[in-house]
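Worksheet for the structure shown next.
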Amino acid sequence: MYIFVSCIFMFFVGMGSFIFISSHLLTMLMLLEFMSVTLLFLLLNFLVGFVCDLSILIYFIIVLVCEAVMGLILLTLFVRCHGSDYFQVSSMVTC
């Protein structure tokens, strides 16, 4: 029970940080990964608690990896078009 509550607290801390710290794309991607890993821990605790099949974790990890790769691709494209990952410096329409 303690692990479940701490994972939910970590998720909401990550979500709050994601909302209030939105100046750099890299920090936003790192916070998204933090929230995704927290959801992975929650899913693991839920599946172990109810003695379910753990093969769904593999699918969830595959989705996490695809999300991370897509975020890095977007970061690379953003840096190549605008020169930095700082949102306030560049306009999103110029690329």
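The values are calculated or read from the model by the stated rules, or taken from the named source; none is laboratory data. Since this is a predicted model, take the numbers as computed values, not measurements. Every residue, glycine among them, receives a Cβ derived from its backbone with ideal geometry; neighbour counts consider all protein chains shown. Accessible surface areas use protein heavy atoms only, side chains included; no ligands, DNA or RNA. Shrake-Rupley method; radii C 1.70, N 1.55, O 1.52, S 1.80 Å.
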So which residues in the range 16-64 are of a type in the set (Val, Ile, Thr), open to solvent by 80 Å² or more (accessible area, probe 1.4 Å) and assigned to a helix (DSSP H, G or I)? Ile19, Val48, Ile56, Ile58, Ile62, Val63
Suppose we filter the range 19-53 for residues that are among the acidic types (Asp, Glu) and within 14 Å of the chain's Cα centre (by Cα); how many remain? 1
Of (1) at pLDDT below 85; (2) touching a helix residue (DSSP H, G or I) at 6+ places or on another chain (Cβ under 8 Å); (3) open to solvent by less than 50 Å² (accessible area, probe 1.4 Å); (4) over 15 Å from Ser22 (Cα atoms), Cys95 fails just (3)
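For the range 80-89, does any single residue satisfy the condition of being out of contact with any Ser or Thr (no Cβ under 9 Å at 6 or more places or on another chain), surrounded by 11 or more Cβ atoms within 10 Å (Cβ to Cβ) and at pLDDT 85 or above?
no
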